1. For the chain, what is the calculated [θ] at 222 nm in deg cm²/dmol (nearest 500), taking -39500 (n - 2.57) for each run of four or more DSSP H residues and dividing by its residue count?
2. Taking other Cβ within 10 Å of each residue's Cβ, how do 5, 29, 99 sort, fewest first?
3. So, with +1 on the Cβ of K and R and -1 on the Cβ of D and E, and no other charges, what is the size of the charge dipole of region 2-99 about its Cα centre, to the nearest 20 debye?
4. Relative contact order of the chain, please, whole-number percent, based on alpha carbon pairs below 8 angstrom and at least 6 residues apart.
5. Please arrange 37, 59 by how many other C-beta atoms lie within 10 Å of their C-beta, fewest to most.
6. In nm, to one decimal, how far is the residue 25 label point from the residue 2 one, both placed 7 Å along Cα→Cβ?
7. Suppose each label sits 7 Å from its Cα in the direction of the beta carbon; what would the residue 81-residue 11 distance come out to in nanometres?
8. Using only C-alpha positions, report the orientation-averaged shadow area of the convex hull of the chain, nm², one decimal.
Amino acid sequence: TDSNFLKRIQKEIKIVNKLSKERDKIPAFAETGYEAIPYKEWFTGVLWKGMDGYELSYIMLWRNHGMQKNGNWHYYVPRKEDASAQDFKKLYEYKTSLFQKDVAREKLYQ
């Protein structure tokens with residue numbers, strides 16, 4: 001369930017934050033997401049909520065593979081026609097979220 005996922009990511013990110021501080025590393029939350037995201041507000045109501053208040057350098061959602069041989073879509077970032085697409089855009093518009101083009105514009109890695 002969403003509440004179980006939320007609890008799990010909060011526990012995992014707390015561990016990542018603790019270890020990154022102890023070992024002088026940069027904390028990240030990588031290769032995460034929900035395949036074919038079935039909930040309209042999953043990005044802001046679950047994923048962002050789970051990360052809120054923790055220090056993370058980045059979050060990386062898993063890949064979008066496209067149509068599989070069985071006819072099902074395999075994706076972790078919503079397609080424009082998906083129910084969760086509007087929520088993903090809402091996450092994109094958060095002042096504290098940066099996407100790749102924002103990072104490039106700010107020259108954070110140069």
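1. Details: 4 runs with 41 residues, N = 110.
Only helices count here, giving -11000 deg cm²/dmol.
2. Values: 5 15, 29 19, 99 9.
By the 10 Å Cβ count, ascending: 99, 5, 29.
3. Working: 17 positive and 13 negative charges, 30 e Å.
The calculation lands at about 140 debye.
4. Numbers: 119 pairs, mean separation 29.1, N = 110.
Rounded, it is 26 percent for the chain.
5. On the way: 37 23, 59 18.
Arranged by neighbour count, lowest to highest, 37, 59 become 59, 37.
6. Going from the residue 25 label point to the residue 2 one covers 3.1 nm.
7. In this crude spin-label approximation the distance works out to 3.9 nm.
8. Details: hull surface 33.1 nm².
Its average projected convex-hull area is 8.3 nm².
A short reminder: the numbers here are calculations on the coordinates, not readings from a lab. Bear in mind that the values here come from a model prediction, so they are computed numbers and not experimental data. Because the Cβ atoms are built from the backbone with ideal geometry, glycine has one as well, and the counts that use them run over all protein chains shown.
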